[in-house]
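Worksheet: the structure to be examined is printed underneath.
The values are calculated or read from the model by the stated rules, or taken from the named source; none is laboratory data. This is a predicted model, so every value here is computed, not measured. FYI the Cβ positions are ideal-geometry reconstructions off the backbone, even for glycines, and counts take in every protein chain you see.
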Amino acid sequence: MKSELKSMFTEHWKYLAVSTACKLNLFDKIHEGQNTLNKLVECNLWNGNTLSHLLNFLFITGFLEVDDDRTYHLNESANLLRQNNIDGLYYACLNWSAEHLTAWQHLDHSIKTGESSFKYLYKNNFFNYLSKHPEKLINYHKAMYQYALDDYKELPDAVDFSVHQSIMDVGGGYGAAISLIKERYVNANCYLFDMEAVVHGIFLNQIHKVAGDFFNYIPPIADAIILARVIHDWNDMEAQKILCNCYNALPDRGILYLIENCSDKTCLDLSLLSLNMIAMCQSYERSSIEYIRLCHKAGFTYLYSKPLNQLQTILIFQK
Ligand SMILES: C[S@@+](CC[C@H](N)C(=O)[O-])C[C@H]1O[C@@H](n2cnc3c(N)ncnc32)[C@H](O)[C@@H]1O
């Protein structure tokens with residue numbers, strides 16, 4: 001028991017070592033030919049001693065393979081952590097090692113006060129903070145995009161979007177979900193709605209970008225709205241405001257697709273995800289019943305739900 005506990009205390013070191021390798025672009029460098037300790041030291045003027053310990057950890061844990069001549073090669077997971085791999089998880093990996101980690105270190109503040117430790121530390125809510133730090137905003141959205149490409153790959157099959165002439169992904173980030181839908185349902189008019197700072201710099205093929213604030217106004221331009229992993233960022237009052245604005249933006253009988261991690265619809269344990277939402281956003285992972293209650297309050301009628309993947313559920317509502 002003691003040895004299990006002692007190992008658990010330092011479990012996060014593994015992630016931090018791997019995210020450090022990402023931060024140094026180590027996997028890209030090895031892939032591009034800096035594939036020995038000496039080459040890495042010479043090309044980057046890094047400390048050979050400390051680097052050898054990191055390389056050793058990456059070898060022991062199976063991220064790297066090494067030849068007899070001490071040449072390193074990437075295995076499959078290391079390959080996914082190259083910045084230049086467009087199907088990879090480089091930004092997703094780095095996402096958890098900055099402000100998220102700091103907020104977690106002050107989780108005791110959230111537990112004592114109910115307030116997000118992120119807000120306590122950074123004096124702002126997470127999304128407003130990002131809009132003031134352009135580089136962090138870009139990296140966060142690249143991370144969300146990498147998660148979303150994988151998480152939403154079954155979305156076009158799970159729902160028959162052909163019944164809609166127009167679909168708007170509200171809080172859609174860099175547009176992974178709506179792009180997957182547009183690829184399949186080529187005749188649908190597709191819109192991506194997000195904050196000005198988010199939509200401003202991105203290019204999306206045949207998807208209209210709409211900049212705005214979902215607490216303020218969502219334009220009535222689509223007969224279906226997708227809200228994916230948005231409501232879980234907000235407390236009940238804020239969630240209510242977003243849902244009411246979605247309701248007002250939809251025509252009669254318009255459809256809302258709410259995609260969330262519903263604690264009662266997955267066999268996975270969401271308690272750590274909830275603690276993360278508490279620390280970052282003063283929110284938590286709700287059950288489907290809680291989401292349905294919030295949507296009813298905004299005026300929606302619940303129709304049915306469908307699993308999207310192991311973690312996420314699509315809850316479908318009508319105006
Ligand atoms: C957790 S991310 C989800 C992104 C995407 N839907 C996904 O599932 O990967 C929440 C999104 O809400 C957007 N957002 C936050 N506050 C907003 C606001 N006031 N108005 C519009 N979008 C906002 C963020 O920019 C971000 O793209």
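With respect to PHE203, is the statement that it is among the aromatic types (Phe, Trp, Tyr) and more than 8 Å from the ligand (Cβ to nearest atom) true? Yes; evaluated as a whole, the condition is true for this residue. Listed here are the strands (runs of 3 or more DSSP E) enclosed by the stretch 212-319 that have at least 1 residues being of a type in the set (Phe, Trp, Tyr): 255-261, 301-307, 312-318. Restricting TYR247, TYR257, TYR291 to residues that are farther than 24 Å from ASN125 by Cβ, among the hydroxyl-bearing types (Ser, Thr, Tyr) and at pLDDT 95 or above narrows the list to TYR257. Just one of (1) more than 9 Å from the ligand (Cβ to nearest atom); (2) hydrophobic (A, V, I, L, M, F, W, C); (3) in contact with a Gly (Cβ under 7 Å, 6 or more places away or on another chain) fails for CYS262. It is (3). When you scan the stretch 61-76, do you find a residue that is without any contact (Cβ under 8 Å) to a residue 24 or more places away in the chain, more than 24 Å from TYR140 (Cα to Cα) and outside any loop (DSSP other than H, G, I, E, B), even just one? Yes. Could you tell me how many of the residues in the stretch 106-141 are of a type in the set (D, E, K, R) and part of a loop (DSSP other than H, G, I, E, B)? Residues flagged as of a type in the set (D, E, K, R) and part of a loop (DSSP other than H, G, I, E, B) within the stretch 106-141 amount to 3. Taking ALA158 and the conditions (1) farther than 20 Å from CYS281 by Cβ; (2) surrounded by 20 or more Cβ atoms within 10 Å (Cβ to Cβ), which numbered condition does it fall short on, given that it satisfies the others? The one condition ALA158 does not meet is (2).
Considering (1) more than 14 Å from the ligand (Cβ to nearest atom); (2) exposed (fewer than 15 other Cβ atoms within 10 Å of the Cβ); (3) not hydroxyl-bearing (Ser, Thr, Tyr), the lone condition that PHE215 does not fulfil carries the number (1).
You will find that of LYS297, LYS306, the residue that is touching a residue at least 12 places away in the same chain (Cβ under 8 Å) and over 23 Å from ILE167 (Cβ atoms) is LYS297 and no other.
Here's the yes/no breakdown for (1) surrounded by fewer than 19 Cβ atoms within 10 Å (Cβ to Cβ); (2) of a type in the set (Ser, Thr, Tyr); (3) modelled with pLDDT under 95:
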site	(1), (2), (3)
GLU76	yes, no, no
ASN79	yes, no, no
ILE86	yes, no, yes
TYR90	no, yes, no
GLU99	no, no, no
ILE111	yes, no, no
TYR129	yes, yes, no
LYS142	yes, no, no
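Among residues of the stretch 111-132 that are under 12 Å from SER283 (Cα atoms), none has a Cβ under 7 angstrom from a residue that is surrounded by fewer than 17 Cβ atoms within 10 Å (Cβ to Cβ) and at pLDDT below 95 at a sequence gap of 6+ or on a separate chain. Considering only the stretch 39-52, state which residues are part of a helix (DSSP H, G or I) and either among the basic types (Lys, Arg) or surrounded by 11 or more Cβ atoms within 10 Å (Cβ to Cβ) (or both). Selection gives LYS39, LEU40, VAL41, GLU42, CYS43, ASN44, GLY48, LEU51, SER52.
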